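K.L.:
Got a structure for you, written out below as structure tokens; questions coming shortly.
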Amino acid sequence: MGTLGGFPNPPAMVRRRQSQRAPHATRIRAAAFGLLAAALCAAGCADFTRGPAADAAADAAPVDDSLFETYVYPILQSDCQSCHSQGQQAGATRFRLTGDAKADRAGVVALVYPDYPAGSLLLQRATGNGHSGGLIFTPDSAEYMTILNWIATLPPTQ
Ligand code: HEC
């Protein structure tokens with residue numbers, strides 16, 4: 001109060017004009033942002049919505065994958081499920097196992113790249129790359145080769 005006492009009016013007027021202008025400018029920016037978002041959506045949203053629809057179709061079709069159920073799933077259960085299941089330390093990640101191979105298959109397939117099996121997130125993490133769970137098995141292990149060979153049998157990535 002004391003320091004501004006000599007100039008009470010001009011600073012107050014400037015402040016008021018600025019505060020009156022601000023909402024208008026904000027509205028213009030919001031409108032521009034809305035248009036931008038709409039334009040981006042027109043370009044990108046079609047792709048975004050195609051994913052879940054395709055996933056739903058894939059889920060509905062029965063997948064006969066005995067290789068996964070007989071050889072791959074048991075490895076995942078013994079090496080990964082202790083952390084990668086509901087309530088465990090990796091239970092909130094995209095890789096979650098329930099103990100039901102058929103139910104879990106789609107979630108596992110979403111983490112692999114049939115075009116380049118070794119680049120699959122599943123194998124990258126299992127071999128310790130960027131994985132809080134650490135090194136689970138090495139690329140020369142039987143577990144790695146089993147999973148790699150299974151990934152290579154999957155249809156190419158769309
Ligand atoms: C000791 C606990 C532990 C074990 C065992 C473990 N993980 Fe993990 N894993 C984690 C944790 C914690 C994360 C989340 C943090 C991170 O990404 O590192 C994770 C993340 C992942 C992710 C990334 C998931 C996402 O949503 O991006 C994949 C894939 C993965 N792990 C694969 C595996 C595989 C395959 C195995 C078994 C061969 C395995 N993990 C075993 C703890 C574990």
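The values are calculated or read from the model by the stated rules, or taken from the named source; none is laboratory data. Small disclaimer: the values here were computed from a predicted structure and weren't measured. Note that we place each Cβ from the backbone using ideal geometry, even for glycine, and neighbour counts take in every protein chain shown.
K.L.:
Taking the range 124-142, which residues are out of contact with any strand residue (DSSP E or B) (no Cβ under 8 Å at 6 or more places or on another chain) and more than 7 Å from the ligand (Cβ to nearest atom)?
P.N.:
Within the range 124-142, Gln124, Asn129, Asp140, Ser141, Ala142 meet the criteria.
Here is a yes/no grid of residues against (1) farther than 19 Å from Tyr73 by Cα; (2) free of Cβ contacts under 8 Å to residues at least 12 places away in the same chain:
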residue	(1), (2)
Ala118	no, no
Leu123	no, no
Ala126	no, no
Asn129	yes, yes
Gly134	yes, yes
Thr138	no, yes
Tyr144	no, no
Thr153	no, no
Thr157	yes, no
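K.L.:
Is the range 103-111 home to any residue that is within 10 Å of the ligand (Cβ to nearest atom) and acidic (Asp, Glu)?
P.N.:
no
K.L.:
When you scan the range 85-94, do you find a residue that is assigned by TED's automatic domain parsing to the domain that holds Leu148, surrounded by fewer than 13 Cβ atoms within 10 Å (Cβ to Cβ), over 15 Å from the mean Cα position of the chain (by Cα) and near the ligand (Cβ under 6 Å from one of its atoms), even just one?
P.N.:
Yes, the range 85-94 contains at least one residue that is assigned by TED's automatic domain parsing to the domain that holds Leu148, surrounded by fewer than 13 Cβ atoms within 10 Å (Cβ to Cβ), over 15 Å from the mean Cα position of the chain (by Cα) and near the ligand (Cβ under 6 Å from one of its atoms).
K.L.:
Within the range 95-109, which residues are assigned to a loop (DSSP other than H, G, I, E, B), at negative phi and surrounded by fewer than 19 Cβ atoms within 10 Å (Cβ to Cβ)?
P.N.:
Arg96, Thr98, Asp100
K.L.:
Further, regarding this structure: What are the residues in the range 110-131 that are part of a helix (DSSP H, G or I) and surrounded by fewer than 18 Cβ atoms within 10 Å (Cβ to Cβ), if any?
P.N.:
Ala118, Gly119, Leu121, Gln124
K.L.:
Does at least one position in the range 132-140 carry a residue that is part of a helix (DSSP H, G or I) and modelled with pLDDT of 95 or more?
P.N.:
Within the range 132-140 (the criterion being part of a helix (DSSP H, G or I) and modelled with pLDDT of 95 or more), the answer is no, since none of the residues qualifies.
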